[in-house]
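We did not get these values from a lab; they are worked out from the coordinates using the rules stated. No experiment lies behind these values; they were computed from the predicted model shown. With ideal geometry, Cβ positions are generated from the backbone for all residues, glycine too; neighbour counts draw on all protein chains shown.
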Amino acid sequence: MKTFYTALAALAIALGVQGMAMADDITADVLTYDGNTKVVTAKGDVVIHANQGATITGSNGEYHFEDRSAFLEGGVNYVKDQTTLYADKMYLYQDKTARGIGSVNFHDGLEKRTLKGDDVMYNPDTGFGKIEGNGYLESPDGILQAPHIEGNMKQVKVVATGGVNLSSSLHNAVGYGDQAVYTRTGANGTDGKLVLTGNAWVTQNGNSFNGPELVLRDEDKVVETTGRSTIVITNTGSTGTDNGSSSSGSGSQAPQGPVTAATPIAGRPEEAGSPLEIKDSK
């Protein structure tokens, strides 16, 4: 009887759900298909081809044909075009947002961007990303590390909190602050601005700065201080001729008007603010 139901599930998947034209398929050692909910439960060496070219592998999981969402666990590997994700568990939402849980490494090759952390959510189409726990964000502009990082990489606005370490190839600087906010009007904008607040310090070209708030601007690559601050100058030479330009994906679009610290983060999906539904292994 089990063999019959497995074969029936495979047939339903191959033909597609009624009323939906799709090329999705799922392969596993054991498949169970619920015709009422249109959900496939898979166990053992699961391989899912979903969401217009994505391939996902894991030990166990489930796939929802109605909204093309999925959940996998056990050494999950997600590949779509130049985007890859490795995690202990992964959720794929209807809007193509992918969320990895546990030892997550998310790389967007097109945008030359890497996100790492305990809980990482990212949508390459919208540019929205969120990292909780041991956050790491690497881009052509530099590296940002903090317990919490959230932002939109196409807008551009990124907020990091909980104690922030950064290294900026653009500014030839390293620094720290309780919080960091970076804004820029679109991927090719020239108004990029990084604000470090709370016990902030920056070392740039051998010179050090510390104060309650430090501001680094992309255009002139200088450090501004606010409040009672200290500057130690050890290098008066040129900061170089780097023009600070960075590559951007073909899908990036500059928003209307300047992006500032007061601008809401764009593309934030509903699930970003919802508690995570923990699925029990069976």
Would you mind pulling out the separation of the Cα centroids of the range 23-73 and the range 149-202, in Å?
38 Å
Calculated FRET value between Asp125 and Glu270, using beta carbons and R₀ = 22 Å, to 0.05:
0.90
Order of Asp24, Asp220, Asp178 - criterion: other Cβ atoms within 10 Å of each residue's Cβ, fewest first
Asp220, Asp178, Asp24
Inter-probe distance in nm under a simple model that places probes 7 Å from Cα toward Cβ, at Gln94 and Asp81:
2.3 nm
Calculated FRET value between Val222 and Leu110, using beta carbons and R₀ = 25 Å, to 0.05
0.20
The range 164-228 - Kirkwood radius from inverse mean 1/r over Cα pairs (Å):
11.7 Å
Shape of the range 140-195 from its Cα gyration tensor (a ≥ b ≥ c, root eigenvalues): rounded if a/c is under 1.5, otherwise prolate when a/b > b/c, or oblate?
oblate
Exposure proxy order (Cβ contacts within 10 Å, fewest to most) of Ile143, Ile26:
Ile143, Ile26
Apply the Debye scattering formula to the range 78-211, with a single equal point scatterer on each alpha-carbon and no solvent, then give log10 I(q)/I(0) at q = 0.10, 0.19, 0.21 Å⁻¹.
-0.32, -1.06, -1.24
Taking 7 Å along the Cα-to-C-beta vector as the label spot, tell me the Val232-Ser103 distance in nanometres, rounded to one decimal.
4.0 nm
